[in-house]
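Some notes on the structure that comes next.
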Amino acid sequence: MIAIIDYGAGNLKSVQHALTTLGLASEITADPEKLYQAAALILPGVGAFQNAMVELNRLGLVAAIKENAKLGKPILGICLGLQLLYEKSYEQGEWGGLGLLSGEVIRFNTEWKVPHMGWNNLIKGTESAFGREITADDYVYFVHSYYVDTKNPEEVLFWSDYGCKFPAVVKKDNIIGIQFHPEKSGETGMKLLKSFGEMML
């Protein structure tokens, strides 16, 4: 079973529907104990970084996420959920994240319209078995005003570009992050969720 972490924000039902379509059992939960019982975790996200961290702490989920990560359990962060995996965000101030990955979250500094919203293509990064069916130039659906400035570019499996190159899919061991919404990204997104499900085998 995959635990979809509920901290009051995120496309929880659409993520769950995508998993169900793939034959992957899941449960939406805010109970830290359920995270230990699950085979994998998904941290979805829509909204502000600070609010998300406040709620994760209030619900006692921060320690549970970190401990499950240390146990080697597959963990997937989606959109804001990816950003929360990193050390720090400068969204409306300066806020600490989960620190499972090394880097900072910064705002797009571009003449292009922000937020970056809509379909954009992927650019191949580091080779990995994860997402092996994804090809360069596949299009996926983004909605974000901030992006990750990673300290470890070798962890980036796919990049995208919106006035600057930014990580779209990252992986470090059992930790996966996807900046776009796989549940809204058609066949490409479903392939990535399928690859995540295969990490539980």
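Every number in this text was worked out from the coordinates using simple rules, so none of it is lab data. Since this is a predicted model, take the numbers as computed values, not measurements. Every residue, glycine among them, receives a Cβ derived from its backbone with ideal geometry; neighbour counts consider all protein chains shown.
Key figures
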{"item": "Spatial separation of Cα centroids for region 155-180 and region 47-77, in angstrom", "result": "19"}
{"item": "9 Å beta-carbon shell around I28, net charge (K/R +1, D/E -1)", "result": "-1"}
{"item": "Dipole axis of the chain (+1 Lys, Arg; -1 Asp, Glu on Cβ), positive-most option in N120, I176, A64", "result": "A64"}
{"item": "W95, W119 arranged by Cβ crowding within 10 Å, fewest neighbours leading", "result": "W119, W95"}
{"item": "Square roots of 5 times each gyration tensor eigenvalue, C-alpha, region 4-79, largest first, Å", "result": "18, 16, 10"}
{"item": "Nitroxide proxy distance, nm - points 7 Å out along Cα→Cβ at E198 and R107", "result": "4.0"}
{"item": "Count, lysine Cα pairs under 18 Å in region 1-121, 8 or more residues apart or across chains", "result": "5"}
{"item": "Charged-residue dipole, Cβ positions (Lys, Arg, Asp, Glu), region 2-198 about Cα centre, Debye nearest 20", "result": "100"}
{"item": "Packing rank of 104-117, 23-36, where each peptide gets the mean count of other beta carbons within 10 Å, highest leading", "result": "23-36, 104-117"}
{"item": "Summed side-chain charge close to E94 - residues other than E94 whose Cβ falls under 10 Å, Lys, Arg +1, Asp, Glu -1", "result": "-1"}
{"item": "Label point 7 Å beyond Cα of H17 along Cβ direction - residues of region 64-91 with amide nitrogen under 19 Å", "result": "78-79"}
{"item": "M117-E67 pseudo-label distance in nm [points 7 Å out on the Cα-to-Cβ vector]", "result": "4.0"}
{"item": "By average C-beta atoms within 10 angstrom, highest first, the peptides 145-152, 57-64, 191-198", "result": "191-198, 145-152, 57-64"}
{"item": "Radius, Kirkwood style, for the chain when every pair of distinct Cα atoms is counted (Å)", "result": "16.5"}
